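The values are calculated or read from the model by the stated rules, or taken from the named source; none is laboratory data. These figures come from a predicted structure and were not determined experimentally. With ideal geometry, Cβ positions are generated from the backbone for all residues, glycine too; neighbour counts draw on all protein chains shown. Areas reflect the complete protein model, heavy atoms only, side chains present, ligands, DNA and RNA absent. Shrake-Rupley method; radii C 1.70, N 1.55, O 1.52, S 1.80 Å.
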Amino acid sequence: MAEQHGKTLVPQIRFAGFTDPWEQRKLGDVARRVTRKNENRDSDLPLTISAQYGLVDQRTFFNNQVASKDMSGYFLLHKGEFAYNKSTSTDSPWGAIKRLEKYDMGCVSTLYICFELLSGDPDFLVTYYETDRWYKAVQLIAAEGARNHGLLNIAPDDFFETQICIPKRIDEQRQIGAFFDRLDSLITLHQRKYCGVASWMLGVALVRLGSESDGAFGEMKHVLR
């Protein structure tokens, strides 16, 4: 991401052909809050934010539905819109901001701050919020004694006043967003391949363990080496 040199923001590394400095914009200049409710029960899908997996089905993630069965008072989030979970964790000390990608729509708690992008590249914003560059802006608006059972005390109006650092040119935003989207897909693919190989190796190990009367742990070490 960009670093400040004097009064300009210039990335240390960038794609060829781009020389313009980046700019700081208020989130509220490029995004608008979403407060639509699930009043007509358009969705029965309860969503939660995972720092690792994004917006996911709460029922499968927790193996239980934490949300109320009547979700008419919940926010109704559409695919492509973002949500900010103010709950903190070791992996997300200032909460997590994710875009809904896996489902066409779903319901989220009204404790979340939801928004849609009005201008700019959404993939770039996804990449930006995967970094820690936005932490400082949120830290500045978090009220003292901010953590109440791990939930940050941040008002929506203040959240939309936070500054984000973005390229002036939309084509640079798109190139960065597309690059990291491809990179993420490649990492996911390799993780799946690794999990497949690991499962096969474990299966081989278990077969060997079952067929050997002694030296079982030695066999496992040999197979998994």
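Quick notes
- The listed residues 71, 105 rank as 105, 71 when sorted by accessible area, largest first, using a 1.4 Å probe.
- The value obtained for region 48-162, namely the Cα convex hull volume divided by the number of residues, is 117 Å³ per residue.
- Each residue of region 73-88 is assigned a 3J(HN,Hα), and the resulting list reads x, 7, 6, 9, 9, 9, 4, x, 8, 10, 9, 10, 8, 7, 6, 9 Hz, derived from the Karplus form 6.51 cos²θ - 1.76 cosθ + 1.60 (θ = phi - 60°), x at Gly and Pro.
- Long-range HN-HN contacts of residue 31 with modeled amide H, under 5 Å: 118
- The C-alpha atoms of region 80-135 occupy a region whose extents along the principal axes are 29, 25, 18 Å, arranged from largest to smallest.
- Amide hydrogen neighbours beyond the local backbone of residue 74, cut-off 5 Å, H modeled: 38
- Segments 116-123, 72-79 sorted - mean Cβ within 10 Å per residue, highest first: 72-79, 116-123
- Each label point was placed 7 Å from the Cα along the Cα-to-Cβ direction; for residue 178 and residue 102 their separation is 2.7 nm.
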